[in-house]
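A short worksheet on the structure shown next.
The values are calculated or read from the model by the stated rules, or taken from the named source; none is laboratory data. Note that the coordinates shown come from a computational prediction; the quantities given were computed from them, not determined experimentally. All Cβ positions, glycine included, derive from the backbone under ideal geometry; neighbour counts span all protein chains shown.
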Amino acid sequence: MRSEYSTPGRYGPKEVATGARGMVVSSEPIAVEAGAAVLRDGGNALDAALAVAATQLVTEPHMTSLTGGISLVYREASTGRAAYLSGNVNAPLAELPDFGGADLTRARGVPVPGWWPAFVAAQERFGTMSVGRLLAPAIDVAREGFAVSPYLFGEMYNARQNLGRHPQSRAMYFRDGSLIGPGQALVQEQVARTLERLRDEGMHYYRGDFARAFCAASDADGGVITPEDFDAYAPEWADPVRGTYRGFEIIGSAPPDDGGLQLVEAFNILENLDIASLGPASASPETLSALIAVHNAVYYAPPRERRFRENHRVMDVLLSKDYAKQRFELLDTLAAPSAGAPPTPGTIHLSVVDADHNVATLTHSHMASPWVNGLFAEGFQLAGGGSFFQRVMPQPGERATIYLAPSMVLRDGAPVIASGSPSVSLVACVLQNLVNLMDFGMPIEQSVAEPRFGARPHDPARGWVPGTTLESGFPEAVLRDVRRWAGANRLWTRDIGPWNSMTGNFDGITIDPTTGEMRSCGDPRRMGVAVAV
């Protein structure tokens, strides 16, 4: 294990990073440094983003997998055009009759992956470096090993029963019959070999030996995915969703990744309220209540499926300011959320800006609890992203509808914020931080440290349920008024302590349009960092 892989990140406050030659921020330091090295070597923001994501397959296996998906928004500085890439998971071509919660821990809950096809599509369209260069850090870390952080160990310990079931996972996560402990090296030799074959053989290996190994693992547990599912899968490029807010332009993911649309809808509603006069949510019960109500109005609404993107009339209504004004007038009646999708704890976001102000904002994930089914193929867990089939069941072979929200903000045509978040509360996280940055001009290091509200409290009797979580740190007077408002509107709230990872992890970068200075800071809720080039 090399020395640079032996110092894991930490929870808590992080140092702010500033610079003008490029910036990378995400939830794990080894991967962030891999992206920064790509920028130093002359790669662009897309190159760096792919290097970070590939390295996170190795260093954050509890959050993402080659068997999951990618959602990307990329803006090319030379043309000023932004593109959205849907590389998320598909439903199998075979039908899944009577699909339900019991399937989420079995192979019937395993979707058709899109991670690698999306990686290739992004590299071919916008990349300047070879796939080999972008995968090199991940292969190196997988083979050399890295120090298990206390956070990763906690996830491993919680999932030890599933990790101990499969010979591939036992070979990686156990030593002498015992789970690898904090500070010990996690070596993933089979993962390194798989990444090398992807580097050398590309889609031929992916649709061949990898697909067959994946399907064999799925078949052994009652799954229905076949190599034909891999052949049929295709990443999709589309125009991102766009909206405006007090002189800013919001750009985000388009359906079936509907978090971007939720953000634009939320800001359209919020524009009807003079937030700046009320003060930030950390000091104003009126602002905090308004943000919760606006968030709930869009997050707990019916999912915006792919068909929404293809129906221009529906999209025009959803994105219109007139519709937003009507929703603003009904906020009190919309505050009580209805039942909806289960949470998605396993997700990563990363943001990159290069010296030319190309912007990459990318969310990738296995979209389930870590190692939820105990199934492995070629060194990678089989993702449990079928949890999103309960949100809205896709047709056979159709893309799942997932509320990911890679996004960015422009002013006068120039990027000023790259943003995104993982977790069940990712839309709430991005909304709150963008309000802090746009309405109140907070420096990003202050914004990420502010207390937040989140989505879906956990009830020991009912599991994850609709409602609102509240971190510690809000003044008691603010909490008192907000709880009174919530009770009057039948909204269940739950206190969850300080800096809880389930309220998201804002991986954002601000860019001063006058000086070009970039500024970022790792969120204290995970172990990430920001690195300036």
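Observations on the model:
- Residues satisfying the stated conditions in region 505-526, i.e. under 21 Å from G346 (Cα atoms) and either among the polar types (S, T, N, Q) or surrounded by fewer than 24 Cβ atoms within 10 Å (Cβ to Cβ) (or both): N505, P524
- Only residues that are at pLDDT below 95 and more than 14 Å from the chain's Cα centre (by Cα) were counted across region 333-363, and they come to 10.
- Condition check for G42: small (G, A, S) and surrounded by fewer than 23 Cβ atoms within 10 Å (Cβ to Cβ): yes
- Condition check for E329: at pLDDT below 95, surrounded by fewer than 18 Cβ atoms within 10 Å (Cβ to Cβ) and on the phi < 0 side of the Ramachandran plot: yes
- Condition met for T244 (β-branched (V, I, T) and over 30 Å from V314 (Cβ atoms)): no
- F119 vs. criteria farther than 16 Å from A54 by Cα and assigned to a helix (DSSP H, G or I): no
- For R106, the test of being free of Cβ contacts under 8 Å to residues at least 40 places away in the same chain, in the same structural domain as A213 (by TED's automatic domain parsing), more than 23 Å from P422 (Cβ to Cβ) and surrounded by fewer than 22 Cβ atoms within 10 Å (Cβ to Cβ) is failed.
- The set of residues in region 109-126 that are surrounded by fewer than 23 Cβ atoms within 10 Å (Cβ to Cβ) and out of contact with any Phe, Trp or Tyr (no Cβ under 8 Å at 6 or more places or on another chain) comprises V120, Q123, E124.
- Counting only strands (runs of 3 or more DSSP E) that sit wholly inside region 471-533, those with at least 1 residues that are in contact (Cβ under 8 Å) with a residue 60 or more places away in the chain are 509-511, 518-521, 529-532.
- Qualifying residue in region 174-193 (condition: among the hydroxyl-bearing types (S, T, Y) and either surrounded by 17 or more Cβ atoms within 10 Å (Cβ to Cβ) or in contact (Cβ under 8 Å) with a residue 24 or more places away in the chain (or both)): no
- The condition (being out of contact with any Ser or Thr (no Cβ under 6 Å at 6 or more places or on another chain), assigned by TED's automatic domain parsing to the domain that holds M442 and surrounded by 24 or more Cβ atoms within 10 Å (Cβ to Cβ)) is satisfied by just one residue among S320, S277, S284, S289: S289.
- Selection count, region 270-288, where residues are over 17 Å from F328 (Cα atoms) and part of a loop (DSSP other than H, G, I, E, B): 6
- Some residue of region 239-256 being within 28 Å of M203 (Cβ to Cβ) and surrounded by fewer than 18 Cβ atoms within 10 Å (Cβ to Cβ): yes
- Number of the condition not met by G260 [criteria: (1) surrounded by fewer than 24 Cβ atoms within 10 Å (Cβ to Cβ); (2) in a helix (DSSP H, G or I)]: (1)
- Close pairs (7 angstrom Cβ cut-off, 6 or more residues apart or separate chains): assigned to a strand (DSSP E or B) in region 73-99, crowded, with 18+ Cβ neighbours inside 10 Å and basic (K, R) anywhere: A82/R75; S86/R399; N90/R399
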